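The values are calculated or read from the model by the stated rules, or taken from the named source; none is laboratory data. Just so it is clear, the structure is predicted and the values come from calculations on it, not from any experiment. Cβ sites come from the backbone with ideal geometry, for glycine too, and all protein chains shown count toward neighbours.
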Amino acid sequence: MKRAAAALVVFASVSCGGQAQVASSAASPDTQPPVPATPTPLSTSSSESPAASPSESPSESSAASSPAPKPEGPPKFAAKVSAVARARLPYSWRSGCPVHYRDLRLITMTYWGFDDKAHTGELVVRRTVTDDVVKVFRKLYDMRYPIKQMRLVDAYKADDFDSIDADNTSAFNCRAATGSSNWSNHAYGEAIDINPRENPYVTAAGSTAHQNAKKFAKRPAKGKGVINSGDRVVKAFASVGWGWGGSWSGTKDYQHFSRNGR
Ligand SMILES: [Zn+2]
């Protein structure tokens, strides 16, 4: 009987691949029906809100699609990826940068604010990483991880210090790495700094250049927007293979996530 069942499985799996497993496990070894297995149309288990809605009208969610928490719940996460006009990067990009601005993309997307409300922010990253970045920020939004603000660093004339002082979350900036003459991963649009006040750059000696960040220089720390080792934000980035500056030895860059981990 076992052999017969096994033969059945083999035969079934040859005939129709993945679906065969479901069919064969359901068929009892006793019955040997010449009847075709139930031709279930692809009504697989749960319908997990498949298509990311085309962003047009998030308020018009159909009744059946979600649990519908409150009459006026926050909007669903939405992200739009578009080309970046040169005029949007007057300070952060110049000729000679390692990535041309045509290879950068503007992501306009929802984020959860420190005020517990949904906001729309902007982030410029390299064209090749937009899918991963959107995936991560969708997770951050869904987990209600709060972000202070998200503006292009050009709002601060591409001055990294000023952007950090304003607790601004940003990505692309054609600049050298801190304390180095090499390009930063930000110059490639492959690094993102998140809530830089709550997650400062801390030297091996334990100091930060930002007065308003001093109380966040140690880890683990508590507070809105703080990122600690192994927590949900680190995991969200790790899910797309991005590394965290908080795991460096010596210098720690708690705000910094990058594609190559540096
Ligand atoms: Zn950074």
Hits in segment 169-203 (condition: over 17 Å from residue 93 (Cα atoms), more than 12 Å from the ligand (Cβ to nearest atom) and in contact with a helix residue (DSSP H, G or I) (Cβ under 7 Å, 6 or more places away or on another chain)): 197, 198
Meets criteria (surrounded by fewer than 20 Cβ atoms within 10 Å (Cβ to Cβ) and either in contact with an Asp or Glu (Cβ under 6 Å, 6 or more places away or on another chain) or touching a residue at least 24 places away in the same chain (Cβ under 8 Å) (or both)) for residue 165: yes
Taking the conditions exactly as written (within 12 Å of the ligand (Cβ to nearest atom), basic (Lys, Arg) and either assigned to a loop (DSSP other than H, G, I, E, B) or closer than 18 Å to residue 177 by Cβ (or both)), does residue 219 satisfy them or not? no
For residue 161, which of the numbered conditions (1) outside any loop (DSSP other than H, G, I, E, B); (2) touching a strand residue (DSSP E or B) at 6+ places or on another chain (Cβ under 6 Å) fails to hold? (2)
Applying the selection to segment 212-236, what residues are in contact with a strand residue (DSSP E or B) (Cβ under 7 Å, 6 or more places away or on another chain) and within 20 Å of residue 258 (Cβ to Cβ)? 225, 234
Restricting attention to segment 236-262, the residues that are of a type in the set (A, V, I, L, M, F, W, C), more than 10 Å from the ligand (Cβ to nearest atom) and in contact (Cβ under 8 Å) with a residue 40 or more places away in the chain number exactly 4
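Conditions (1) modelled with pLDDT of 95 or more; (2) aliphatic (A, V, I, L, M); (3) in a loop (DSSP other than H, G, I, E, B), marked per residue:
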site	(1), (2), (3)
213	yes, yes, no
227	yes, yes, yes
235	yes, no, no
240	yes, yes, yes
246	yes, no, no
257	yes, no, no
260	yes, no, yes
Taking segment 204-214, which residues are of a type outside the set (Gly, Ala, Ser) and either within 14 Å of the ligand (Cβ to nearest atom) or surrounded by 20 or more Cβ atoms within 10 Å (Cβ to Cβ) (or both)? 208, 210
Can you list the strands (runs of 3 or more DSSP E) lying wholly within segment 75-154 that have 2 or more residues being over 13 Å from the mean Cα position of the chain (by Cα) and surrounded by fewer than 14 Cβ atoms within 10 Å (Cβ to Cβ)? 79-83
List the residue pairs whose Cβ atoms are under 8 Å apart, where the first residue sits in segment 189-210 and is over 13 Å from residue 226 (Cβ atoms) and assigned to a loop (DSSP other than H, G, I, E, B), the second is small (Gly, Ala, Ser) and within 13 Å of the ligand (Cβ to nearest atom), and the two are 6 or more positions apart or on different chains. 189/171; 190/258
